[in-house]
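Working notes, structure below.
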Amino acid sequence: MASCISEKMFALTQKNSAVREMFEEGNRLAKLYGRENVYDFSLGNPNFPAPAKVKDAVFDVLNNEPSTMVHGYMSNAGYPDVRQTIAESLNKRFETAFSADNILMTAGAAGGLNVILKTLLNPGDEVLAFAPYFLEYGNYIANYDGVLKVIPANLPSFQPDPKALEAALTERTKAVIINTPNNPTGVIYPAETIEALGAVLEKKSREFGHPIFILSDEPYRELAYDGAIVPWVTKLYRNTIVCYSWSKSLSLPGERIGYLVIPSEIDDYPLVFDAASIATRVLGFVNAPSLMQRTVMRCFDEKTNVNGYDSNRKALFSGLKAAGYECAEPQGAFYMWVKTPCDDKEFAQRAKKYNILVVPGTSFACPGYVRVAYCVSPQTIAGALPGFEKLAEDLGL
Ligand code: PLP
């Protein structure tokens, strides 16, 4: 008998996310062997707690702001004072000139990406992403009947290649998603690379007679190591829209809070901003969670625990290198991208023998690697390294 659910959703039920699958597998192994004996590197769920200031801010909002405001409806774009505070904070950091009219509050980066894709895409429009990429992009683009086109990985640097971008662009290309610092590779794109991508997009926008947007997906902006600079993309390419999120920077992934930056300089501003506000409404978000909007406004000076992630990064990197694995030291985010001496799915399978869970690169459209998420406790890394060593021996490294 035919299923009563939609064909699109039926297809999704048949291919569950590998990341989520590993996460469920972790729960299963934890029941069998105890949570402390399972080394789950599958999910980008920050291990460090949100800064204490976040909790204080929540109470401050609840105790001191009128309940009808905190829990009430508001403009779909979010509270004007929150948006103005964000604009001013960005202006201070990046020498920009944003106002509240350029900031639209979202339910995290995922919410922001969906809002902007809904705003921009007609059925059949193409969106490009560089492999390896966060696999949900494909689902988000398909939500609006767009077509994801993947630009093959540029080995060994994993930096986006402007020539490959040029070759992939067509008259149907509406946008290119970039993600720096990158999930899953940990690379940061330098300003010159983004400028070179922008030059290609400008040339092709002129040729095709319509703008091609950069959607800069930035949940890892604050996670950069060794003083690495994460360039501010709107200054490097005019038609850029930024998707930001506090999921990783303040360890708040369950709270669903972020924002879009829609600069006044882009083509068709303010129509794009108005349409994105309406998209927020008609997608059913209506507005980003109000308590969190008021909370993050009080937490701009809070710092991500970069030192904690950095010490995890160093411990994991040196341990894996000593065991014979090939990987580059990540410059940002909290993922190690490790070359596998066998098929990546087989590697992930064999790692389970040592209660180690990692995600095959195939899940990021880049076989031959696995992603090891090191947003875990230092004990998890220390506990897993002997297993990684045994696995390396099994595989003849
Ligand atoms: N984009 C990338 C590259 C991610 O890694 C994630 C989450 O892991 C998201 C977007 C979604 O983030 P959020 O929780 O803010 O929706």
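The values are calculated or read from the model by the stated rules, or taken from the named source; none is laboratory data. Treat the numbers as computed from the prediction; the structure is a model and nothing was measured. We place every Cβ from the backbone using ideal geometry, glycine too, and count neighbours over all the protein chains shown. All accessible areas refer to the heavy atoms of the entire protein, side chains included, with ligands and DNA or RNA removed. Shrake-Rupley method; radii C 1.70, N 1.55, O 1.52, S 1.80 Å.
The table below lists the values:
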item	result
Principal axis dimensions, the range 84-242 - Cα atoms, whole angstrom, descending	38, 36, 30
Degrees between helix 306-322 axis and first principal axis of the chain (Cα, 0 to 90, nearest 10)	30
Order by protection proxy (mean Cβ within 10 Å, highest first), peptides 6-19, 377-390	377-390, 6-19
Between the range 54-116 and the range 250-296, the alpha-carbon center distance in angstrom	8
Rg to Rh quotient for the range 56-150, alpha carbon positions, Kirkwood Rh	1.09
Candidate lysines - alpha carbon under 27 Å from LYS314, same-chain residues fewer than 8 apart omitted	LYS248, LYS303, LYS339, LYS345, LYS352, LYS353, LYS390
Charged-residue dipole, Cβ positions (Lys, Arg, Asp, Glu), the range 62-171 about Cα centre, Debye nearest 20	180
Choice from ASP40, ASP125, ASP226 with maximal GNM fluctuation in the chain (Cα, 10 Å cutoff)	ASP226
Positive-end residue, the range 98-215 charge dipole about Cα centroid, Cβ charges, pick of LEU215, ALA129, GLN159	ALA129
0 to 90° range, to nearest 10: angle between helix 378-394 axis and the chain longest Cα axis	50
Compactness index (Cα Rg / 2.2 N^0.38 Å), the chain	0.99
Charge dipole magnitude, Cβ of K and R +1, D and E -1 - the chain, Cα centre, debye nearest 20	640
Euclidean distance between Cα centres, the range 179-229 to the range 316-390, Å	26
The range 152-239, Rg to Rh (Cα coordinates; Rh as Kirkwood inverse mean 1/r)	0.96
Among LEU104, ASN139, VAL61 the positive-end extreme of the charge dipole of the range 1-142 (Cβ point charges)	ASN139
Estimated Rh, the range 202-358: Kirkwood, alpha-carbon pairs, angstrom	19.1
Over the range 265-383, volume per residue of the alpha carbon convex hull, in Å³	205
Relative contact order computed over the chain (Cα-Cα under 8 Å; 6+ residues apart), in percent	23
Percentage relative contact order, the range 243-336, counting C-alpha pairs under 8 Å, at least six apart	20
Residues of the chain: accessible area per residue with a 1.4 Å probe, Å²	43
Extreme residue, positive dipole direction of the range 1-82, given options GLY44, VAL82, ALA18 (C-beta unit charges)	ALA18
With Cα atoms, 0 to 90° folded angle of helix 18-33 axis to the chain main axis	50
Protein accessible area in the chain, 1.4 Å probe - carbon and sulfur %	53
Cβ crowding within 10 Å averaged over residues, with 307-319, 244-256 ranked highest first	244-256, 307-319
